[in-house]
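Remarks on the structure that follows.
The values are calculated or read from the model by the stated rules, or taken from the named source; none is laboratory data. Keep in mind it's a predicted model, so treat the numbers as computed, not measured. For neighbour counting, all protein chains shown are included, and Cβ atoms are generated from backbone atoms with ideal geometry for every residue, glycine included. Protein only, heavy atoms only, side chains kept; ligands, DNA and RNA dropped before computing areas. Shrake-Rupley method; radii C 1.70, N 1.55, O 1.52, S 1.80 Å.
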Amino acid sequence: MEFLDAASFSEVKSKGRKLVNVKGQNIILFFSEGKVYALNAVCPHRGGPLDEGEINDEEIVCPWHGFA
């Protein structure tokens, strides 16, 4: 497994989320319950922009169709 620096903890915590591009792939970083999570920024169900989705605990809800 490879780890890459994409953003600082404080930067993600202060905004709650941050969209970053890592090796050509959009990744959403989001802060929840004291941790930062990283996910592909494209919904695996219908391709919606997860960086625009609502954060509920440890999930991001797709803004297009509510998939979590």
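Can you pull out the residues in the stretch 1-26 that are surrounded by 11 or more Cβ atoms within 10 Å (Cβ to Cβ) and out of contact with any Lys or Arg (no Cβ under 9 Å at 6 or more places or on another chain)?
Ser8, Phe9, Lys13, Lys15, Gly16, Arg17, Lys18, Leu19, Val20, Val22, Asn26 - these are the residues of the stretch 1-26 that are surrounded by 11 or more Cβ atoms within 10 Å (Cβ to Cβ) and out of contact with any Lys or Arg (no Cβ under 9 Å at 6 or more places or on another chain).
Filter the stretch 42-58 down to the residues that are outside any helix (DSSP H, G or I), over 12 Å from Phe31 (Cα atoms) and of a type in the set (A, V, I, L, M, F, W, C) and list them by number.
Those that are outside any helix (DSSP H, G or I), over 12 Å from Phe31 (Cα atoms) and of a type in the set (A, V, I, L, M, F, W, C): Val42, Cys43.
In this structure, does Leu39 turn out to be part of a strand (DSSP E or B), in contact (Cβ under 8 Å) with a residue 12 or more places away in the chain, under 10 Å from the mean Cα position of the chain (by Cα) and buried (at least 19 other Cβ atoms within 10 Å of the Cβ)?
Judged against the criteria, Leu39 is not a match.
Is there a residue in the stretch 55-64 that is hydrophobic (A, V, I, L, M, F, W, C), free of Cβ contacts under 8 Å to residues at least 40 places away in the same chain and open to solvent by 60 Å² or more (accessible area, probe 1.4 Å)?
The answer is yes, given that some residue of the stretch 55-64 is hydrophobic (A, V, I, L, M, F, W, C), free of Cβ contacts under 8 Å to residues at least 40 places away in the same chain and open to solvent by 60 Å² or more (accessible area, probe 1.4 Å).
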